[in-house]
Amino acid sequence: VIEIHHIEGPEAFPRGVDRASFVDFLHTNLGNWGDPPDEIDLAVNYAFSRDPGRGGFLLAACEGEQLAGAVVMNHTGMQRYVPEYLLVYIAVGDGFRNRGIGRQLVGAAIERCGGSVALHCEPDNPAMRLYQRLGFQVKYAELRWRRPGG
Ligand SMILES: CC(C)(COP(=O)(O)OP(=O)(O)OC[C@H]1O[C@@H](n2cnc3c(N)ncnc32)[C@H](O)[C@@H]1OP(=O)(O)O)[C@@H](O)C(=O)NCCC(=O)NCCS
């Protein structure tokens, strides 16, 4: 049985999971689509912020005390002009994939986010299909600029 836990602060991790294991789980299971653990931890830190316009939440899908899936949501504070939340990271553990946990997690994230969510997904990531089936639409191409060498 999979249970989805909603985590709004550092004290709210379910039994068997803590901040370090949550970050490590994401780092391991994001694979090619991941970031270094210290960057993932920054998104967790942001989610726990109490500053106005910041914050967010985490979701942990657990089978007993074992982490099966994880989500990090960050609140943008820009809801009048861009989506209110960013789904920053989502991953399901290797042994738990293709059982509908990813779909359940995205559904639970959408339910808790007041109406609008944006996420980034590489066009060749199979997760794209999952998002589109759940009603996400490709709205804009994302362009980025970086100072040369920066
Ligand atoms: C993307 C990811 C989170 C999806 O998690 P998941 O739990 O496997 O997702 P689901 O099981 O809900 O859906 C995956 C597939 O299983 C199928 N499925 C859903 N429920 C099912 C069930 N009960 N039985 C069998 N198959 C099922 C879905 O139809 C879907 O098929 P598709 O390949 O045609 O889309 C997971 O693959 C992952 O962690 N990937 C690596 C990290 C990543 O890419 N993150 C996203 C970055 S943008």
* Among Ala108, Ala91, which is the only one that is touching a Leu at 6+ places or on another chain (Cβ under 7 Å) and under 21 Å from Glu39 (Cα atoms)? -> Ala91
* Structure fact -> Going through (1) within 16 Å of the ligand (Cβ to nearest atom); (2) over 11 Å from the mean Cα position of the chain (by Cα); (3) modelled with pLDDT of 95 or more one by one, Lys139 fails only at (3)
* Structure fact -> Going through (1) within 16 Å of the ligand (Cβ to nearest atom); (2) of a type in the set (A, V, I, L, M); (3) under 23 Å from Glu84 (Cα atoms) one by one, Leu67 fails only at (3)
* Taking the condition part of a loop (DSSP other than H, G, I, E, B), modelled with pLDDT of 95 or more and near the ligand (Cβ under 7 Å from one of its atoms), does Asn125 pass? -> no
* Structure fact -> Selection from region 112-125 of residues loosely packed, with under 10 Cβ neighbours inside 10 Å and without any contact (Cβ under 8 Å) to a residue 24 or more places away in the chain yields Pro123, Asp124
* Does Tyr131 meet the test of being of a type in the set (Phe, Trp, Tyr), surrounded by 13 or more Cβ atoms within 10 Å (Cβ to Cβ) and in a helix (DSSP H, G or I)? -> yes
* Scan region 1-24 for residues that are in contact with a Pro (Cβ under 9 Å, 6 or more places away or on another chain) and within 12 Å of Gln66 (Cβ to Cβ) and jot them down. => Glu3
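Residues checked against (1) within 13 Å of the ligand (Cβ to nearest atom); (2) hydrophobic (A, V, I, L, M, F, W, C); (3) more than 24 Å from Arg129 (Cβ to Cβ):
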position	(1), (2), (3)
Gly55	no, no, yes
Thr76	no, no, yes
Gln79	no, no, yes
Pro83	no, no, no
Gly93	yes, no, no
Arg103	yes, no, no
Ala109	yes, yes, no
Gly114	no, no, yes
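The values are calculated or read from the model by the stated rules, or taken from the named source; none is laboratory data. Computed from a predicted structure; not experimentally measured. Neighbour counts run over all protein chains shown; Cβ positions are idealised from the backbone, glycine included.
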